[in-house]
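Here is the structure we will look at, set down as structure tokens.
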Amino acid sequence: MIEIALHQLQFYAFHGCLPQERVVGGDYTVDVRLILPDATTAIEEDDLNGTVNYASVYEVVRKEMEQPSNLLEHVCGRINRRLLTTFPLISAVTLTLTKVNPPIGAACLGASVTLTTKREEA
């Protein structure tokens, strides 16, 4: 088993339940962890076909982040499902989506949702 991770991907997006969030937008970060049950080909043969290209993973996340949604939970679910359907070598995805400086009336570095999805659940 191998884990591939992308940390603190940064986006400007238009997610949120408040009308202002859908107009003004805000900063978001995404952390994604991918579990591959077998990466022997990548490890032993130095072959990209035996793993997941993380530049391609970023593109999937970017495209999903461009679609406005009310809930971070919904965005996480969409991204996880898309990663699992796009990359057959992945057996599980854990994604944390953080809304930086959320409109909650308090000083806060961020509000996050973390979702783990296994292939059989997608």
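Please sort by residue number the chymotrypsin sites (Phe, Trp or Tyr not before Pro) in the range 1-94 whose DSSP state is loop and whose Cβ has at most 16 other Cβ atoms within 10 Å. Qualifying residues, ordered by number: F14. In terms of other Cβ atoms within 10 Å, D31, D46 run from fewest to most in the order D46, D31.
Over the range 2-121, what is the relative contact order in whole percent, taking alpha-carbon pairs under 8 Å and six or more residues apart? So the answer I get is 27 percent. Given the choices (1) 16.6; (2) 14.7; (3) 15.1, Kirkwood radius over Cα pairs in Å derived from the coordinates of this structure is entry (3).
When each of S112, S56 is scored by the number of other beta-carbon atoms lying within 10 Å, the sequence from fewest to most is S56, S112. Comparing V24, V52, V100 in a Gaussian network model of the chain, where Cα atoms under 10 Å apart are tied by springs, the biggest mean-square fluctuation is seen for V24. Seen from T114, the other residues with C-beta closer than 11 Å to its C-beta sum to a net charge of -1, counting Lys and Arg as +1 and Asp and Glu as -1.
Laboratory data are not the source of any read-out in this text; all were calculated from the coordinates shown. Nothing here was measured: the structure is a model prediction, and the numbers come from that model. Quick reminder, even Gly has a Cβ in these numbers, built from the backbone with ideal geometry, and neighbours come from all protein chains shown.
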